[in-house]
Amino acid sequence: MHSEISNKPIVKFSEEANAYFNELITILFWKNYFSFIDSAFQYVLDMENYIETYIAVLPAYVAPHYFDKYKKEMKYVTYQANKQTTWYIFFKQKKGTTALQIVSKLANTYKYRNLLTFLNVMR
């Protein structure tokens with residue numbers, strides 16, 4: 001069992017990503033995407049768990065230069081939350097290691113629809 005734990009990548013969320021997760025819970029509830037705050041919390045928790053579990057094994061794509069304004073040389077993976085929503089998780093991998101993934105930015109198909117459609121075409 002110890003070897004399973006040591007093989008799991010270390011994922012760190014930036015302060016911006018953590019703040020966004022917290023804000024997202026409130027947004028999802030107040031805009032009536034979820035009727036209960038606990039459901040919105042679980043939605044965000046599921047996304048965090050997915051990122052921590054799969055970011056190292058999912059196919060990662062090089063982020064377009066547009067995202068260099070946030071951080072240079074980022075990559076991204078996707079998370080399909082439901083039929084209508086795909087999340088794009090932008091991260092930077094520490095050079096020389098596969099153990100550390102820093103999640104820098106999150107976007108979904110609603111907020112960056114035109115740009116993210118472009119990302120899907122590029123893949």
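The values are calculated or read from the model by the stated rules, or taken from the named source; none is laboratory data. Note that the coordinates shown come from a computational prediction; the quantities given were computed from them, not determined experimentally. Glycine gets a Cβ as well: all are built from the backbone with ideal geometry, and neighbour counts include every protein chain shown.
Taking the condition assigned to a strand (DSSP E or B) and either among the hydrophobic types (A, V, I, L, M, F, W, C) or touching a residue at least 60 places away in the same chain (Cβ under 8 Å) (or both), does LYS92 pass?
So LYS92 fails the test.
Counting only residues that are surrounded by 12 or more Cβ atoms within 10 Å (Cβ to Cβ) and hydroxyl-bearing (Ser, Thr, Tyr), which one in the stretch 28-71 is modelled with the highest pLDDT?
SER39
Identify the residue in the stretch 72-103 that is of a type in the set (Lys, Arg) and exposed (fewer than 11 other Cβ atoms within 10 Å of the Cβ) and, among all such residues, is modelled with the lowest pLDDT. Give the steps one after another, and end with the answer.
Residues of the stretch 72-103 that are of a type in the set (Lys, Arg), as a first pass: 72, 75, 83, 92, 94-95.
Narrowing further to those that are exposed (fewer than 11 other Cβ atoms within 10 Å of the Cβ): 72, 83, 95.
Values: LYS72: 81, LYS83: 85, LYS95: 66.
The residue in question is LYS95.
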